Amino acid sequence: MADTRPTASIEAVESGLAAQGYIASRQIATAVYLSQQIDKPILVEGPAGVGKTELAKAIAAWRGMKMIRLQCYEGLDEAKALYEWKYAKQLLYTQILKDKLGEVLGGAQTLGAALDQLHTFGDVFFSKEFVEPRPLLQALEQPNGCVLLIDEIDKSDAEFESLLLEILSDFQVTIPELGTVSAVAPPTVILTSNSERDLGDALKRRCLHLHIGFPEQRLEERIVESRVPGISQTLRRQMVGFIHEIRSLDLKKLPSVSEAIDWARVLVLLQANELDHEIVKDTLNVLLKYEADIEAATPQISAFIAKASRQGVFS
């Protein structure tokens, strides 16, 4: 059953998310806590793969709420995000009305009376019965609330932001034919952005801002331990230290937390006890996604392993 009550403390948020395998920094837990207390969406920005989308999933799992996801892309419009009309059903209704026209007009004696009768039935075409709700409207209609994830908002057009403003500020939306539809229970709204374009001030004003960057080494070790429990402490410290050294290079794409988790799983699968030059060289393609980045990092492998190993001894 969904728990729609605000969480009692920041520590409760940390433990609740940790129970779902999401190790949150104090900053992340504070933003989630405040969002619940003041009913405000969170705009989560940061590089790809640091856990922005996973945060929404973890909140939904922790609070026992349904998660509704709207994946943004260029050209996304109202029909795909909010609602559209069930045209096939309207067409079927038109045919039925045509077949029953005599019964509908009844005893209408004048053209005006007949038009009035038809007008009464015509309004039904644009009633709630003929609306096909899309993610935004679905989120407002959830009786027990939900987590609404608006993913990669920066990939949508700037004009799409204006469609969200009423929802983000008042948890309602105005549909011309139906009027204002208000949320049955205000959803928990998480917007994510990889900062591919600047978002408008109007949207930012309606949200709490949270930036998730690459975590510090100790936090990343906890994340890896949570997601890959079979990894040894020595290997975990070495690989996280190595990744932090890799991130100091000028690469096209720096390895993210999700790639760190994938690499840890691969090293466990290969039964590695510690890092060495050969296993890093053979599995570097798991960590780095561009050949140019692999070529830039390969000469540094031995030096980075040695440095990561020394840091592990003194940590």
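For the stretch 293-305, the Karplus equation 6.51 cos²θ - 1.76 cosθ + 1.60, evaluated at θ = phi - 60°, returns couplings of 5, 5, 5, 6, 7, 4, x, 9, 4, 4, 5, 5, 5 Hz by residue, with Gly and Pro reported as x. Coupling constants for the stretch 44-55 follow from the phi torsions by the Karplus curve (6.51 cos²θ - 1.76 cosθ + 1.60, θ = phi - 60°), and in residue order they are 9, 10, x, x, 5, x, 9, x, 5, 5, 4, 4 Hz; glycine and proline get x. Looking at the stretch 16-87, the chymotrypsin sites (Phe, Trp or Tyr not before Pro) that sit in a DSSP loop and have at most 13 other Cβ atoms within 10 Å of their own Cβ are Y73. For the peptides 129-135, 162-168, the ranking by packing is 162-168, 129-135, with the highest mean count of neighbouring Cβ atoms within 10 Å listed first. Amide H to amide H distances under 5 Å link Y83 with R134, where only residues 5 or more positions off or on other chains count and H is placed in the peptide plane.
A simple spin-label model places the labels of K252 and S9 4.8 nm from each other, with each point 7 Å out along Cα-to-Cβ.
Taking each residue as 0.36 nm, the span from T174 to R310 lengthens on full extension beyond its C-alpha to C-alpha distance by 42.9 nm.
Shown is the FRET efficiency for S162 and K66, computed with R0 = 41 Å from the Cβ-Cβ distance and rounded to the nearest 0.05: 0.95.
Close amide H contacts of M67 (hydrogens built in the peptide plane, cut-off under 5 Å, sequence separation of 5 or more or a different chain): V147.
With protein chains left intact and a 1.4 Å probe, residues in the stretch 217-314 average 52 Å² of accessible area per residue. Restricting the stretch 232-311 to chymotrypsin sites (Phe, Trp or Tyr not before Pro) that sit in a DSSP loop and have at most 13 other Cβ atoms within 10 Å of their own Cβ leaves Y290. Element breakdown for the stretch 230-315 at a 1.4 angstrom probe: carbon and sulfur atoms account for 50% of the accessible area. 3J(HN,Hα) along the stretch 236-253: 4, 5, 5, 5, 5, x, 4, 4, 5, 5, 4, 5, 7, 7, 8, 10, 5, 9 Hz, from the Karplus curve 6.51 cos²θ - 1.76 cosθ + 1.60 with θ = phi - 60°, whole Hz, x for Gly and Pro. Checking the cross-link pairs K52/K253; K155/K289; K80/K155; K66/K253 against a 24 Å limit on the alpha carbon distance flags K66/K253 as lying beyond it.
The values are calculated or read from the model by the stated rules, or taken from the named source; none is laboratory data. These figures come from a predicted structure and were not determined experimentally. Cβ: placed from backbone, ideal geometry, glycine included. Neighbour counts: every protein chain shown. Please note that ligands, DNA and RNA were not included when accessible areas were found on the heavy atoms of the full protein model with its side chains. Shrake-Rupley method; radii C 1.70, N 1.55, O 1.52, S 1.80 Å.
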